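The values are calculated or read from the model by the stated rules, or taken from the named source; none is laboratory data. The structure presented is a predicted model; accordingly, all values stated were derived computationally and were not measured. Every residue, glycine as well, gets a Cβ built from its backbone with ideal geometry; the counts of neighbours run over all protein chains shown. Just the protein is used for accessible areas: all its heavy atoms, side chains included, with ligands, DNA and RNA removed. Shrake-Rupley method; radii C 1.70, N 1.55, O 1.52, S 1.80 Å.
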Amino acid sequence: MSNLEDIAGIAHEPDGKPYGVVVLTHGAGGNRESPMLQRLCDEWARRGWLAVRYDLPYRRKRPKGPPSGSAAGDRAGIVEAIAVCRDLTDGPLIAGGHSYGGRMTSMVVAAKDADVDVLTLFSYPVHPPGKPERARTEHLPDIAVPTVFTHGTSDPFGSPTEVRDAAALIAAPTQIVEIAGARHDLASKTLDVPGLAVAAALRLLGRE
């Protein structure tokens, strides 16, 4: 059976028995060591959840560079990661990721290839920068689980209006966490991005 080592996963453990598990992955140019993923997992663990950040299959094969022709394999890796983490603890499972990793996870959820309780998407790439005609939203109507979008208002991959329109396609409750002034990396000097994102997911679970 697969384990965390097989999915290149790192666990952030809470004090006491976890309420559930959170499974997060990185964007196209990143890896599991993304500062944002680390902060998010720290926040989830502080709230009493087991949080796992992991590398997508393409990143396990090479330390740098974007994914190239690896989407199907990356989605299979997400299915495996969710299955591994489902066995780690009882309780709900929340899955998602940043940019490319979130998009791939949303496609897995839309295809019903994995069972999750909440989907959490960070800087969802609604379209490539400067190319709004190339929308990456065709699968969103097939998502049937509550979904959080955490998005910078200055993100070139999608304006606030475009993100709201994308969220409206999902046939389940959604929350949109707008990070004022932030770009694709969701960096903010004034807002607690992990805290806001975690709180939104917990609201969808009825846990806050």
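Report yes if some residue within region 83-103 is touching a residue at least 24 places away in the same chain (Cβ under 8 Å), over 20 Å from residue 4 (Cα atoms), among the charged types (D, E, K, R) and open to solvent by 30 Å² or more (accessible area, probe 1.4 Å); otherwise report no. Yes, region 83-103 has at least one match. Within region 17-31, the set of residues being in a strand (DSSP E or B) and closer than 11 Å to residue 116 by Cβ comprises 21, 22, 23.
Annotation: residue 72 fulfils all but one of (1) within 28 Å of residue 161 (Cβ to Cβ); (2) assigned to a helix (DSSP H, G or I); the unmet one is (1).
Residues that are open to solvent by 60 Å² or more (accessible area, probe 1.4 Å) number at least 1 in the following strands (runs of 3 or more DSSP E) confined to region 110-206: 174-179.
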